[in-house]
Amino acid sequence: MHKDEPASERAAHDWVAQRVRSADPFGELYAATGRHRVEHGCEAYASGDGPLLGVIARAVSARRILEIGTALGYTAAWLAHGAPEARIDTVDADAAHAEAAAAELERIGLSERVTIHVGRSPDALATFAPGYDLVFYDAHVPTRAELVRFRELLRPGGLLVTSNLFLGQYDPEMPGLEEGARYRERLFDDAEWLTTFAGLKALSVRL
């Protein structure tokens, strides 16, 4: 065995986590989001899959990206970094988070390509025009109505990435879980979507 070869599944996972995190140009923003959440007792979460989203955005040659759930802008930064020709619309219901995200994106030089919208997802979605290459959902439990709208907003062949599909594992009494279950099932409607999962994130191509 090579001296640097991980000797167990845990060691392999640790190797990946360490390399990905050490190569993250937005690692400080990721950490700042965690500190902000602890200090304010809020729901500003930064998806640990930011690098994956950046790779996906580059792979689909995205030029228009929609994100639901901005927090402090970590995944918006990765989406912009991964797709250097893209314009990103990102939506958050919390005005304080939107303000903090605007400051962070300005600091790292990405504010000109990321537009932050303040509002609830269902209301904001009605204001956008179709033709997105990539939609990333990272807010509360998603609804079937949002899924219908995502399909309308994506171009044929566009990609929907959905987080927060299994929040019942953290709070089995959380409102909306039944609706979220229906969303999960509808992703496997092979007349509309081609779906697989990367971890607990659903990756769905609009057919």
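Summary of computed values
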item: Span per principal axis, largest first, for the Cα atoms of the stretch 100-202 (Å); result: 39, 34, 27
item: Neighbour-limited loop hits for trypsin sites (Lys or Arg not before Pro), the stretch 1-110 (at most 10 other Cβ within 10 Å; DSSP other than H, G, I, E, B); result: Lys3
item: Cα centroid of the stretch 130-183 to Cα centroid of the stretch 1-75, whole Å; result: 20 Å
item: Accessible carbon and sulfur surface of the stretch 10-82 relative to its total accessible area, %, 1.4 Å; result: 57 percent
item: Rounded D (µm²/s) - the chain, Kirkwood Rh over Cα pairs, Stokes-Einstein at 10 °C, 1.306 mPa s; result: 90 µm²/s
item: Heavy-atom accessible area per residue - the chain, 1.4 Å, Å²; result: 52 Å²
item: Ratio of the Cα radius of gyration of the stretch 159-200 to 2.2 N^0.38 Å, where N counts its residues; result: 1.22
item: Ellipticity estimate at 222 nm from DSSP helix runs (n ≥ 4, -39,500 (n - 2.57)) divided over the chain, nearest 500; result: -12500 deg cm²/dmol
item: Ranked packing of 152-162, 174-184, most packed first, by mean Cβ within 10 Å; result: 152-162, 174-184
item: Relative contact order (percent, whole number), the stretch 82-207, Cα cutoff 8 Å, 6+ residue spacing; result: 21 percent
item: Of all accessible heavy-atom area on the stretch 102-201, the percent that carbon and sulfur account for (1.4 Å); result: 54 percent
item: Hull shadow area, averaged, the stretch 1-117 [alpha-carbon convex hull, nm²]; result: 8.5 nm²
item: Where a label projected 7 Å from the Cα of Val20 along Cα→Cβ would reach, residues of the stretch 180-207 with amide N under 15 Å; result: 197-203
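The values are calculated or read from the model by the stated rules, or taken from the named source; none is laboratory data. Model, not experiment: these values are computed from the prediction. Heads up, the Cβs are rebuilt from the backbone with ideal geometry, glycines too, and the neighbour counts pull from every protein chain shown. Accessible surface areas use protein heavy atoms only, side chains included; no ligands, DNA or RNA. Shrake-Rupley method; radii C 1.70, N 1.55, O 1.52, S 1.80 Å.
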